[in-house]
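The block underneath contains the structure these notes are about, expressed in structure tokens.
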Amino acid sequence: MDYETHPTSRAKVRLYAKMFRKLFGLSLYGPVNPIMLLDKVNKVFSDVDYEIVEEAELPKNVPARCIMTEGGGFIIQIADYVFEGAYERNTGGYRMHIMHEILHPYVYKLGFTPIYNRSVQNKKIPPFKSVEWIVKAMAGEIMMPYEETIGLDEVELIVNYGVSPDAAFKRLKY
């Protein structure tokens, strides 16, 4: 589910991606392993945890999600097949799903919270005001640092950074 939030830019998303890498003790460059980050997430944010669940426990066609708990924390739920695919086969799409969900609490803590107290239905949210766009863009920026990947082609991005063809294609557009 998406919601409208305060606007941001691609340049700021890149800055937030660098801040995320520093916060998690990562180098500003090089590939990132989202599986490794799962074990760090609770050390960085004490109110965020994760669990691997059976596919049937998630809504249909939802491979992973991040939900807010009653206490205001977050639980990242990852379908078992997604975790196994990312861990055992290094599947780029599954790695991106996991990174995406790890970023939801971070983006929320940065202040990208809903600006309406009600659900906004049938309204197209401009990308720069969309939480989902911010999270997707940031996942790409963390997985494929902009300055380091200038001039690489789609195959180089997939092989060197362990991302999906779709993520690599989108990176080439920006």
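The values are calculated or read from the model by the stated rules, or taken from the named source; none is laboratory data. Since we're looking at a predicted model, the values are computed, not measured. Cβ sites come from the backbone with ideal geometry, for glycine too, and all protein chains shown count toward neighbours. Accessible surface is based on the protein model in full, side chains and every heavy atom, while ligands, DNA and RNA are left aside. Shrake-Rupley method; radii C 1.70, N 1.55, O 1.52, S 1.80 Å.
Restricting to the stretch 47-67, count the residues that are open to solvent by 90 Å² or more (accessible area, probe 1.4 Å) and touching a residue at least 12 places away in the same chain (Cβ under 8 Å).
Qualifying residue count, the stretch 47-67: 3.
Looking only at the stretch 155-164, how many residues end up being part of a helix (DSSP H, G or I) and either of a type in the set (D, E, K, R) or within 13 Å of residue 90 (Cα to Cα) (or both)?
Total satisfying the criteria: 5.
Given the conditions (1) closer than 24 Å to residue 59 by Cβ; (2) out of contact with any strand residue (DSSP E or B) (no Cβ under 8 Å at 6 or more places or on another chain); (3) open to solvent by 40 Å² or more (accessible area, probe 1.4 Å), which single one is not true for residue 108?
(2)
Aliphatic (A, V, I, L, M) and over 29 Å from residue 73 (Cα atoms): is that true of residue 150 in this structure?
Yes: the conditions hold for residue 150.
Residue 116: outside any loop (DSSP other than H, G, I, E, B) and more than 21 Å from residue 13 (Cα to Cα), yes or no?
no
Kindly indicate the residue of the stretch 127-140 that is farther than 12 Å from residue 106 by Cβ and outside any strand (DSSP E or B) and also nearest to the chain's Cα centre (by Cα) among those meeting that condition.
Of everything passing the filter in the stretch 127-140, 136 is nearest to the chain's Cα centre (by Cα).
So residue 109 passes all but one of these: (1) closer than 17 Å to residue 23 by Cβ; (2) free of Cβ contacts under 8 Å to residues at least 40 places away in the same chain. Which condition number does it fail?
(2)
Restricting attention to the stretch 91-133, which residues are at pLDDT 95 or above and of a type in the set (S, T, N, Q)?
91, the sole residue that qualifies.
For the stretch 1-110, please list each of the strands (runs of 3 or more DSSP E) lying entirely inside it that holds at least 2 residues being closer than 21 Å to residue 166 by Cβ.
64-68, 74-79
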